[in-house]
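This report refers to the structure that appears directly beneath it.
Every read-out reported here was derived from the displayed coordinates using simple, explicitly stated rules and does not represent laboratory data. Predicted, not measured: the structure shown is a model, and the values here were computed from it. Using ideal geometry, Cβ is built from the backbone for each residue, glycine included, and neighbour counts are taken over all protein chains shown.
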Amino acid sequence: MKVKTLSRSSDVYLPARNCEVSRLPRNLDPDLHPFERAREYTRALNATKLERVFAAPFVGQLGNGHIDGVYCIARHTRRLNSAASGSGDGVIKYWDLSSKEEVASFTAHRGIVKGLAVTLDGNLLSCGMDNTVKLWDVMETDHSGGPSKTFLGSSGFTGIDHHRSNPIFVTSSNAVQLWDENRSKPTADLSWGADNVNTVRFNQTEQSIIASTGSDRSIVIHDIRSKAPVQKLVTLMRTNAVCWNPIEAFNFAAANEDHNVYLYDMRHLTRSLNVYKDHVSAVMDVDFSPTGQELVTGSYDKTLRIYRVNEGHSRDIYHTKRMQRIFCVRFTMDARYIMSGSDEGNIRVWRAEAAARSNVKSARERSKLEYEATLKERYKNMPEIRRISRHRHLPKPIKTASETKRIELASIKRKEENMRRRSKKGTMPYAKEREKQIIGVAITEVENKV
Amino acid sequence: MDVVDEFGVLVSAEISAGGGDGEDDSEDGRDESDDDERPSFSGVSDSEGSIHHTTATFSDIESDFVPSDLEEEEDDDAIKSLKQAIEKASQKSEEDVVRIKKRKKLGLPTHFAPIVDDGEDIVPVKKKVTLDDIRAHTSSSFGTRSLARLDELEKRSKGKSEVVKSRLGRRLEVRVDRAAAYEIAKEEVGKWEDTVKRNREAEHLEFPLQRSGGAATADITGALDLDDELDSEKLVHGLEGREFSLAEVIARRNELRRMRELMFREEMKAKRVKKIKSKTYRKIHKRERERAQEIAAQLEGESGDEDHEDSYGRLVKHARERMELRHKNTSNWARDVKRMNLHKSKGTRDELEEMLRRGEDLTRKIEGDDDDISGDDLPNINDDEEATEEASGIMAMKFMREAEERLRKQNKESIDELRRMEDGRDGETEEDITDSAVKIINEGRRRYAPGVQESKYAAQESVEQFIEADDAPVGLEREMASIAVKDADSVSTISKTQTSKKGEFKSSKASNPWIQDVDPGSVAKGASVLSLSKDSTRFAKTEARLKRSRRKAKKAVQAVEDGEAEVRIDVNQILQIRDVHGDPDAEANPVNGEDSHVMMVHKGGRRAKPAEFQQRELVKRAFAGDDVVREFQEEKQKTVEDEGDKEVDVTLPGWGSWTGKGVRKPQKKFIQKIEGINPKNRQDSKLKNVIINEKAAKKSAKYTAGAVPFPYETREQYERSLRMPIGKLWSTQATVQRLTKPKVIVKPGVVVEPLSAPFAT
């Protein structure tokens, strides 16, 4: 009788060299791995649950914050770990983000600091209601000698932004003015109509374009090549802030007083591209992620929300018990963290992805995370997974406010529907959700073509 | 300056104000209540409501008088516009000026605009106003600077008082400028469109998208431009002042050598490639060459009959081509194509077809000139007997001859008919119908009308059905029969007219018979018109039924006339199988009498709508034996019972069945009651034609998406997206990595800068 023994060459399962990881032979026969869908679903469900378990969005606050409320934040455009903040009592502070420590603190303005911008060489421009724009050297920690330069204006400044590649900056006050860093007077006046301009923002991609928002509920597009305003949009309620998409030159988001953020294409302002809903109070600030895929909003309802650009509702909501009305939010330049400045004077740092950790990961861990992310994405429409991933514990005021808002909106809608039903057909057309807020534009497309 | 111009200015000024343009609001302290105010946007607030809409003349002056921040920048242009403004203003009538003066005295607000009654017409004003006039009316709020300017202006313009041509209003000018600037800005920004699109569609985005620094690797070969290097002078110049090591020089020489070698190879390759030409290229060139030759030959032929031999040669060539089997299916190539099934590919098939067509052309040429086929034949049709002449070519084919025959017959028929009409006969007798029917039968392949035999049958059948359906007293039988026959007649009359209008017959009318369509009108009537009680006499009943049927027949006829009679499936009706070949007596009765008319009409109208008839037959066959309604009801009943309460006998056989003395009586059966759904509480209890499944799988609902999620359009798409597993157990490492690669990857610890202008990934 001949006995056949199983024999296997050690070459198959032993690594060739010591440093190599031994191979794990895997049989891909589907019969050996049944119920693939059920198993992957379960994995997705577990991953979703774990994501919620590990969600810890709050990283910490910067130093001890300000004494007064924080109304503006500037991030350094070249360095990841530098930021500056301005508060209501005229104090500006520099922050080191990696240690969350204060680098310098000085009184820059009499009254509130309304805007901060970073110049080409990394210095800081600040503007305040005391009719001045001041240039500060960030390398210095002692600012008792005053700013390195002061620009005088005729009225209090409300916002400032710096050009991305030229030494020019733009300010908003009762007018939109273009300044050269090397001159003391504004080089051009770009204003159009409004008595008071709230904010002004340079387009970082198409660098000659500026957007400003006025107190007359307008958004104006300016062009510094023609040194003139070129287009004006009037909405139902005031726009508090604008931000250009860093990778899509013609799109910008506008944070509106009506609880929504609108995404516009500057070429076609007669309708918005998207409406970001969910806030229950006015949105005070909006900022795009440097990747252009997400945007963060800070609201008067004391919460901060993160939206994906192509979705209408928030992906996440951040809040803490002590955080008051948020007046400014900024992504960091690596798109991983968010800074928020609020009324009670603290600057908080949040993770953009609540469950993400920034430690160095092994290849295996990384691949697992990627696999889980793919599974979550694939099964996100399953009811259980959707429920878990969307579930957030909200502060009671927000919860009740959103409930009330929902009921109110439903009631308005119902009423409208009733009116429509009883009126002559066609006399009450449906208002498009993306055009509702728009009253009109100055230069219509028809006119422009002629 | 005419009215139209001014009006145009006015209108556009208003539009610009509509954009919320308040650039010159609230500058001057004057009251503007007199101005013609019109809100442009309905929702604009009061702050914008204060925009005043004046005529162009006013706005011109005003905008130039406004002390603005930009006044320093005002130069000759401004002065010019001011002049124009003055010019315009001077066109006002003196009355206006006087009125304004009066108002001023009274302390009332003044403005330069002529009073505008309604928004439309503007009073054209002629008289001129001097500079003094304006100055007199400028209020103190205008500021001293502008007044000083005015003085200066006056000094400058003193002496010369020529009239300057008016320009567009400043507002409008600014507006036009803005529109133009906006257009440019849009265009400029629009250049990003492609980049944005590409990034949006990209499977993966790795940030930073652009390298922030320039080219990092600068080696010695990259230091100079290649073209420069080849130029020895420049080379020397370029290398001046630089120290190279030996290794560097060697490396450089090697690099140059390599480049030269590459260039040489490229050149050789290009040469070779240039020689290779495609088949099509050759073909086209050949054709061109031939054409050129032909033209040349023609020219020569015109000039004189020289080169006769050449043309003769060509003729011979053509003739040979004609005679050869080259364009038949017999060539080697064609045979190969056929053998190897290559004709399934489109290109080959086209070529093959082209060849055959050419072959056919040539054959025709051989057989005679193909131009005179149609021309001479037409007159021949008229005289019947002369048709038999030798046809050649395609006309000799059988089908062509048949077609000709048919045409001739038709003509003959029409002539006959005409003759008959001349004779005074109306030609609507049975015989005629029969004749025509027979003739129709003999017509070409496609037959729309069956023979007259059938139509006769139809009439008879309908009568019989009538008799069978209504067991009326014998006295009535005759009447009914006559009516039926009459009906049939009328139908056939109509059908006759229909046949004569055959050209208008639309096949679309014989639409899909499977589509159910219930005519509500036909259902709704019937009972409502005649109310018969039980106690009405039998005679009355029969008569009523008769009337009803007659009415319906009429209606059906009407429908046929309208060309609307479609085959409809009555859901409430069960169609019986009928033996088509069997005798009419063996046919089963229709379920009730009301249906009989349908049969009758359709049978009567066979010749009118043969297609329809066929459809009906088809429907009948398709649903033969389909007792759908009963089946459905049974099914519903079964479902209700299945899902209702149930009693199950759970007695174990043999359990407790003891025998012997003193044994107690065995217990009764154990019956368990399983509660189901009460038939009254069912969702479909009141819906007659619906079964709603009450036991939906609640357990699996957890694992199914409620609706098809957004990017997917159909359920299948979504299902497909979930089908293949991702994990390592089910696919290879590479696949897993590819599938799980995140869409957005941000390099850690790097500043992600916004995109900048020359964008290249």
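Counting every other Cβ atom within 10 Å of each residue's Cβ, B:Val744, B:Val196 order from fewest to most as B:Val744, B:Val196.
Can you flag which of A:Lys114/A:Lys149; B:Lys191/B:Lys274; A:Lys93/A:Lys321; A:Lys49/B:Lys699 are past 27 Å Cα-Cα?
B:Lys191/B:Lys274
Rounded to the nearest 20 debye, the dipole magnitude of the stretch A:94-204 is 320 debye, with +1 charges on Lys and Arg beta carbons, -1 on Asp and Glu beta carbons, and the Cα centre as origin. Note on B:Arg723 and B:Gln667: their simple-model spin labels are 5.5 nm apart, each label 7 Å out from Cα toward Cβ.
For the stretch A:393-450, the orientation-averaged shadow of the C-alpha convex hull comes to 7.1 nm² (one quarter of the hull surface).
Using only atoms on other chains, find how many Cβ atoms lie within 10 Å of each Cβ of peptide A:183-195 and report the average.
Numbers: counts 0, 0, 0, 1, 0, 2, 4, 0, 2, 7, 11, 5, 4.
Averaged over the peptide's residues, the number is 3.
Fully extending the segment from B:Arg357 to B:Arg211, taken as 0.36 nm per residue of separation minus the present Cα-Cα distance, adds 46.3 nm.
What order do you get for B:Glu643, B:Glu173, B:Glu266 when you list them from fewest to most C-beta neighbours inside 10 Å? Spell out each step's value before the answer.
Details: B:Glu643 16, B:Glu173 13, B:Glu266 10.
Ranked by crowding around the Cβ, least crowded first: B:Glu266, B:Glu173, B:Glu643.
In this label model, A:Ser99 and A:Glu311 are separated by 3.9 nm, measuring between points 7 Å along each Cα→Cβ vector.
When the charge dipole of the stretch A:148-213 is built from unit charges on Cβ atoms (+1 for Lys and Arg, -1 for Asp and Glu) and taken about the Cα centre, the candidate among A:Gly193, A:Ile168, A:Leu178 whose Cα reaches farthest toward its positive end is A:Ile168.
Other chains' Cβ within 10 Å of A:370-383 residues: what's the mean? Please list the in-between numbers first.
Working: counts 7, 7, 1, 3, 8, 4, 0, 3, 5, 3, 2, 10, 7, 6.
So the per-residue partner count for this stretch is 5.
Placing +1 on the Cβ of every Lys and Arg and -1 on the Cβ of every Asp and Glu, with no other charges, gives the stretch B:702-761 a dipole of roughly 280 debye about its Cα centre. Averaged over the residues of peptide A:224-233, the number of Cβ atoms from other protein chains lying within 10 Å of each residue's Cβ is 5.
Taking the empirical scaling 2.2 N^0.38 Å for compact globular proteins as reference, chain A has a Cα radius of gyration ratio of 1.19.
Taking packing as the residue-averaged number of other Cβ atoms within 10 angstrom, the listed peptides B:646-652, A:141-147, A:184-190 run from highest to lowest as A:184-190, A:141-147, B:646-652.
Give me the tail of P(r) for the stretch A:129-173 as a percent: Cα-Cα pairs with distance above 13 Å.
Numbers: 607 of 990 pairs.
Considering the stretch A:129-173, 61 percent of its Cα-Cα pairs are separated by more than 13 Å.
Selection among A:Gly86, A:Leu50, A:Gly63 by position relative to the dipole of the stretch A:1-128 gives A:Leu50 as farthest towards the positive end (Cβ unit charges, Cα centre).
Peptides B:697-709, A:214-226, A:360-372, B:613-625, ordered by how many other C-beta atoms sit within 10 Å of their residues on average, highest first, read A:214-226, B:613-625, A:360-372, B:697-709. Close amide H pairs (under 5 Å, H built 1.01 Å from N) link A:Gly128 with A:Lys114, A:Phe157, residues at least 5 positions away or on another chain.
Shown for the stretch A:1-134 is the translational diffusion coefficient from the Stokes-Einstein equation, using the Kirkwood radius over Cα pairs, a temperature of 4 °C and a viscosity of 1.567 mPa s: 62 µm²/s.
Along the axis of the charge dipole computed for the stretch B:612-729 (Cβ charges of +1 for Lys and Arg, -1 for Asp and Glu, origin at the Cα centre), the listed residues B:Gln614, B:Ile692, B:Gly654 are led at the positive end by B:Gly654. Given labels modelled 7 Å from the Cα in the Cβ direction, how far is it in nm from B:Lys680 to B:Arg253? The two pseudo-label positions are separated by 11.1 nm. In a reduced charge model with +1 at each Lys and Arg Cβ and -1 at each Asp and Glu Cβ, the stretch A:22-63 shows a dipole moment near 120 debye about its Cα centre.
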